[in-house]
Amino acid sequence: MRDLARTIRLLRNHVGVLLLVSPWMSTACAPTVVPVREPRKACEAQQVSMSIVASDTINPSAQGESRPVVVRVYQLREAIGLNNATFEQVWRDEKEALGGDIVMRGEAYAYPNTRTEIAFQRNPDANAVAIAALYRGHQGKSWFITFDLPPAPGKGDCRTADCEDGSCGVDANPAFAVWLDGTRVEQGSQHLQDVTDVRRVRVVQLGKSAGEAPPPPAASNP
């Protein structure tokens, strides 16, 4: 009987130890779960928007009559060549004048008292975009303007919608504005509200090659 009682006491002690150790062992041996962070979306492409606002006095003839003007859109590696070139050099042989700076170019028409919204995909090799108007009576260097492009896709994350200070990444859709008046090309953000009639707004999507001359906008009453 003594041996039986001793055996029962030993079993009870072993069971108590197992009950105390088992919860600790299950906690210590459980795998640590680390949340997986999804990578931030990298910019795959930048869509550049260019608003070209034309006054009612662009490209005047000798008699003072306004005329449409051909507008060239250049994506350039560097803008130095264009800054040093003459109007005649660019007009007659842009490849010779600008050399290897041209990454891509497009062409559209701007009409008096209209706004032309041009969109194109940014080439990652381009660091600047230029707008050149082929005026008949050009003067000095006022027939073109250049803008620096933000970092190319792949060099940073896309900017999020709630980013206000520009620290959230690359601007995926940079936008610029140009003002055409007389024989001048100027920065035009302050003129975006000059033409609000939708009948005087044209949308042009540029491809990899020069665009064909678009038809003039439908006549409308002022």
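In the range 88-106, what residues are in contact with an Asp or Glu (Cβ under 8 Å, 6 or more places away or on another chain) and either among the polar types (S, T, N, Q) or in a strand (DSSP E or B) (or both)?
Within the range 88-106, Gln89, Ile102, Val103, Arg105 meet the criteria.
Would you mind telling me which numbered condition in (1) of a type in the set (D, E, K, R); (2) modelled with pLDDT of 95 or more; (3) farther than 14 Å from Ala54 by Cα Lys155 fails?
Of the numbered conditions (1) of a type in the set (D, E, K, R); (2) modelled with pLDDT of 95 or more; (3) farther than 14 Å from Ala54 by Cα, the odd one out for Lys155 is (2).
Considering only residues of the range 76-87 that are in contact (Cβ under 8 Å) with a residue 40 or more places away in the chain and part of a loop (DSSP other than H, G, I, E, B), which is surrounded by the most Cβ atoms within 10 Å (Cβ to Cβ)?
Ala79
Considering each residue of the range 37-55, count those that are farther than 24 Å from Gln121 by Cα and modelled with pLDDT of 95 or more, and give that number.
1
Looking only at residues in the range 190-204 that are loosely packed, with under 12 Cβ neighbours inside 10 Å and within 21 Å of the chain's Cα centre (by Cα), which one is farthest from Gln46 (Cα to Cα)?
Among those residues, the one meeting the criterion is Gln190.
Any residue at all in the range 116-125 that is within 22 Å of the chain's Cα centre (by Cα), surrounded by 15 or more Cβ atoms within 10 Å (Cβ to Cβ), free of Cβ contacts under 8 Å to residues at least 40 places away in the same chain and closer than 28 Å to Leu192 by Cα?
yes
The values are calculated or read from the model by the stated rules, or taken from the named source; none is laboratory data. Computed from a predicted structure; not experimentally measured. In this analysis, Cβ positions are derived from the backbone assuming ideal geometry, glycine residues included, and neighbour counts consider all displayed protein chains.
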